[in-house]
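To start, the structure itself, in structure tokens.
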Amino acid sequence: MQSPWPGALWRTLLILAAAAGLGWQAGHPAPGLALGATLLCGWHLWRLSRLERWLRDGCRRRRPQPDGIWGEIYYHLQRRRQRRRDDTRRYIDTLRQFQEAARAMPDATVVLDDADTVLWSNPAAEDLLGLRSPQDLGTRITYLVRHPSFVAFLGRRDAQAVCDFPSPVGGQPLSVRAIPYGEANRLLIASDVSRVHRLEQVRRDFVANVSHELRTPLTVIGGYLETLLDSGDACAVKWQQPLRSMQHQSARMLHIIEDLLMLAKLEGQQERLPPRPVAVPGMLAAIAEDAIALSGEQQHTVRVEADPALWLCGHEQELRSAFSNLVFNAIRHTPAGRHVDIRWHADARGVHLEVIDNGDGIAPHHLPRLTERFYRVDRGRNRERGGTGLGLAIVKHVMSRHGGQLRIASTVGAGSRFACDFPAELACPRTSGGRAA
């Protein structure tokens with residue numbers, strides 16, 4: 001489209017020239033020029049006032065139809081207004097489609113602002129979280145859903161964290177995530193995981209039942225094999241090597257079953273006995289002796305550095321299982337003749353057990369998966385050395401039940417460090433009488 005500015009400029013010059021010419025004929029060219037400029041300004045002010053009234057009325061009146069530069073101004077304003085109206089309509093349609101999709105979701109979906117105030121929720125949020133729309137809009141969600149773990153989860157503001165707690169409406173287990181978006185808003189999604197929990201319970205029951213059923217025949221087989229090996233019979237002497245291999249494999253299977261039963265117990269126990277003072281230094285000394293016996297001809301050196309006055313409030317059987325798994329794993333995966341260090345100490349951050357070896361180390365890509373059941377870094381070597389692949393999974397569960405965490409650091413060729421970090425409040429110093437304070 002051709003620009004209107006050249007025509008407007010020429011018209012302005014012609015008007016001023018005509019006014020100056022009339023003034024010159026009257027003998028006063030300057031006043032004539034000023035009069036022409038004043039009339040020109042007045043005409044533009046009149047046009048400007050019409051534009052202002054049209055805009056002030058929201059462009060609802062019929063658009064004036066001037067020509068020239070003012071026509072272009074009206075035209076472009078009308079185009080911008082129409083474009084904005086089209087964009088607004090598209091945004092509204094998109095928002096409506098999003099809301100319809102969110103309403104159809106089986107998961108509870110809640111939009112929160114930076115103060116955790118409910119801005120919007122779908123119908124599933126009423127069924128799972130008890131939120132009502134529009135009554136609860138503008139209310140902090142922690143006033144409506146008051147489960148302690150949920151309130152603590154929202155306060156951490158960790159986008160990767162997941163919170164599991166029972167529904168305040170029906171009591172079914174929920175899994176909740178809070179995903180940040182925009183400048184400060186969060187999208188809260190709560191899913192009903194009842195089916196997953198049922199499947200997990202079926203799996204735990206199956207593992208526990210099968211393990212119980214297998215333990216008895218394996219114990220019987222192991223007893224008969226031991227009797228045959230100790231009998232001194234010529235036939236037993238002839239078949240001593242196969243019999244010892246059978247005894248070793250049955251013992252290994254029994255060890256796997258014991259670990260499976262321990263895992264099932266850790267996962268399935270909802271109610272626990274109250275924690276009691278545990279003499280960890282004495283426990284570590286006994287575990288070190290067992291580790292030396294396990295080493296046998298490998299002749300590992302096991303060194304224990306433990307604060308004798310530092311006890312822990314916890315569950316002795318679980319702690320013994322976790323600590324022995326860490327130490328025995330270090331023995332199994334450290335070359336012969338090297339050392340394993342066990343350290344038990346406390347600092348301002350809490351209470352710590354560290355098991356350090358100078359073995360071959362573990363490649364970084366294996367570290368995130370070490371606590372998975374049956375995960376093996378070196379499958380062939382682990383089977384030969386008797387590992388079950390369940391030890392670190394047991395350690396992880398025990399630490400979770402004691403409110404602690406397992407840290408793993410390793411360097412290939414330099415060794416590994418496995419650390420159990422307990423909360424400082426679990427420490428219970430030993431008194432002079434031999435009991436925990």
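For Ala306, which sequence-distant residues (separation of 5 or more, or a different chain) have an amide H within less than 5 Å of its own amide H, given hydrogens modelled in the peptide plane?
So Ala306 has HN proximity to Trp344.
Of His366, His28, which has the most accessible area with a 1.4 Å probe, and how do the rest follow in descending order?
Sorted by accessible area, descending: His28, His366.
In nm, to one decimal, how far is the modelled label at Gln160 from the one at Arg203, with both set 7 Å along Cα→Cβ?
Between Gln160 and Arg203, the label points sit 2.2 nm apart.
If one computes the Cα centroid of region 100-125 and of region 279-351, what distance in Å separates the two points?
50 Å
Can you tell me the dipole magnitude for the chain around its Cα centre, using point charges on the Cβ only (Lys, Arg +1; Asp, Glu -1), in Debye to the nearest 20? Please list the in-between numbers first.
Numbers: 56 positive and 46 negative charges, 519 e Å.
I would put it at about 2500 debye.
Non-local amide H neighbours of Val118 (under 5 Å, H modeled in plane, Pro and chain starts lacking H): which ones?
Gly138, Thr139, Arg140, Ile141
How would Lys238, Lys396, Lys265 rank on accessible area, largest to smallest, probe 1.4 Å? Write down the numbers at each step before the final one.
Working: Lys238 155, Lys396 115, Lys265 75 Å².
Reading off the accessible areas and sorting them downward yields Lys238, Lys396, Lys265.
For the pair Ser149 and Ala409, how long in nm is the line joining their label points, each one 7 Å along Cα→Cβ?
Those two pseudo-labels are separated by 3.1 nm.
In whole Hz, what ³J(HN,Hα) sequence does region 80-96 give by Karplus (6.51, -1.76, 1.60; θ = phi - 60°), x for Gly and Pro?
Taking θ as phi minus 60°, the curve returns 4, 4, 5, 5, 5, 5, 5, 4, 4, 5, 5, 4, 5, 5, 5, 4, 5 Hz for region 80-96.
Can you tell me how much longer the chain between Arg373 and Leu13 gets when fully stretched, taken as 0.36 nm per residue apart minus their C-alpha distance, in nm with one decimal?
Full extension from Arg373 to Leu13 adds 120.6 nm.
In whole Å, what is the distance between the alpha-carbon centres of region 237-265 and region 171-207?
If you average the Cα positions of each part, the centres end up 38 Å apart.
So what is the calculated 222 nm ellipticity per residue for the chain, using -39500 (n - 2.57) for each DSSP H run with n of 4 or more, over all residues, to the nearest 500 deg cm²/dmol?
Roughly -17500 deg cm²/dmol at 222 nm, from the helical runs in the chain.
Report the relative contact order of the chain, percent, no decimals, based on alpha-carbon pairs under 8 angstrom and at least 6 residues apart.
Reported as a whole number, the value is 9 percent.
Subtracting the Cα-Cα distance from 0.36 nm times the residue separation, let me have the gained length for Gln299 to Asn185 in nm, one decimal.
Values: separation 114, 0.36 × 114 = 41.04 nm, distance 5.98 nm.
Separation in residues times 0.36 nm, less the Cα-Cα distance, equals 35.1 nm.
Taking Cα atoms, how many degrees apart are the long axis of helix 240-268 and the longest axis of the chain, rounded to 10 and kept between 0 and 90?
The answer is roughly 40 degrees.
Compute, for Leu128, the solvent-accessible surface of its heavy atoms (probe 1.4 Å) with the complete set of protein chains present, and express it in square angstrom to the nearest 10.
Approximately 10 Å² for this residue.
Return the carbon/sulfur percentage of the accessible area of the chain, one whole number, probe 1.4 Å, all protein chains in place.
On the way: 14680 of 26160 Å².
Answer for the chain is 56 percent, counting heavy atoms of protein chains only.
For the chain, find the longest principal axis of its Cα atoms and tell me its angle to the long axis of helix 391-401, 0 to 90°, nearest 10.
Here the helix axis deviates by roughly 60 degrees.
Order Tyr224, Tyr143, Tyr74 by their accessible area, 1.4 angstrom probe, all chains in place, largest first.
These residues rank, largest area first, as Tyr224, Tyr143, Tyr74.
Between Asp230 and Ala37, what is 0.36 nm times their sequence separation minus the Cα-Cα distance? Round to one decimal in nm.
56.8 nm
Where both partners of a DSSP beta bridge lie in the chain, what percent of those bridges are antiparallel, to the nearest 5?
90 percent
Run the 1.4 Å probe and let me know the accessible area of Cys41, rounded to the nearest 10 Å².
80 Å²
How far is it, in nm, from the label point at Ser400 to the one at His212 when both lie 7 Å from their Cα along the line to the Cβ?
So the two model labels end up 2.3 nm from each other.
The values are calculated or read from the model by the stated rules, or taken from the named source; none is laboratory data. Since the model is a prediction, treat every value here as computed from it, not as a measurement. Cβ atoms come from the backbone with ideal geometry, glycine included; neighbour counts cover every protein chain shown. The protein model used for the area step is the full one, side chains on, heavy atoms only, and it has no ligands, DNA or RNA in it. Shrake-Rupley method; radii C 1.70, N 1.55, O 1.52, S 1.80 Å.
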